[in-house]
Amino acid sequence: MFRWGIFVLELRCVLIKVNIEPRTKRTGGSTTKADQHRIRNSTPHPGASTAQLTQLQDGQAIHISGTICKLTPLVTKQGRSMAVLTLQDHDGEVEVLVFPETYAQCKQALQAGAQITVTGAVNLREDKPKIYANQIVQNGG
């Protein structure tokens, strides 16, 4: 004779806490959170020119002055205003990316022909150096 029994299978949910730490080592050319912090808090290279950009380290803080020879206002996918400008000094030209936070603070100074000083970080990961602006001030005169 066979007896049928009912077995209750007890399932338990187990929560696993995973701590994801910011990467501290350079991998694959991407800027890590630790690098971004170091870049933001480093002392800018004083008075650099476009000719010196390739001699700096990727992400190094920099001050550079020149004339805006081209200004392209843009709108991000989130609807925020930003700009890409071409800054010309006595040695050449460099593209400067002005992201929304910085753009909101300095948009009055951004006009073609304006003399400005840019404080930012050098990006050397592409064919030509670029500058990611953190601050832009209009020079007197």
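The values are calculated or read from the model by the stated rules, or taken from the named source; none is laboratory data. This structure is a prediction, so every number in the text was calculated from the model and none was measured. Positions of Cβ are backbone-derived with ideal geometry, glycine not excepted, and every protein chain shown enters the neighbour counts.
Is at least one residue of the stretch 62-71 assigned to a loop (DSSP other than H, G, I, E, B) and of a type in the set (Lys, Arg)?
no
Could you list, in sequence order, all residues of the stretch 128-141 that are in contact (Cβ under 8 Å) with a residue 60 or more places away in the chain and more than 19 Å from the chain's Cα centre (by Cα)?
Asn139
Within the stretch 72-127, can you find the residues that are surrounded by 17 or more Cβ atoms within 10 Å (Cβ to Cβ), more than 20 Å from Ser49 (Cβ to Cβ) and over 16 Å from the mean Cα position of the chain (by Cα)?
Passing the criteria: Cys106, Leu110.
Each row is one residue, and each column tells you yes or no for (1) at pLDDT below 95; (2) in a strand (DSSP E or B); (3) polar (S, T, N, Q).
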residue: Met82; (1), (2), (3): no, yes, no
residue: Val96; (1), (2), (3): no, yes, no
residue: Tyr103; (1), (2), (3): no, no, no
residue: Lys107; (1), (2), (3): yes, no, no
residue: Gly113; (1), (2), (3): yes, no, no
residue: Thr117; (1), (2), (3): yes, yes, yes
residue: Ala121; (1), (2), (3): yes, yes, no
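For the stretch 40-68, give me each residue that is of a type outside the set (S, T, N, Q) and at pLDDT below 85.
Within the stretch 40-68, Arg40, Pro44, His45, Pro46, Gly47, Ala48 qualify.
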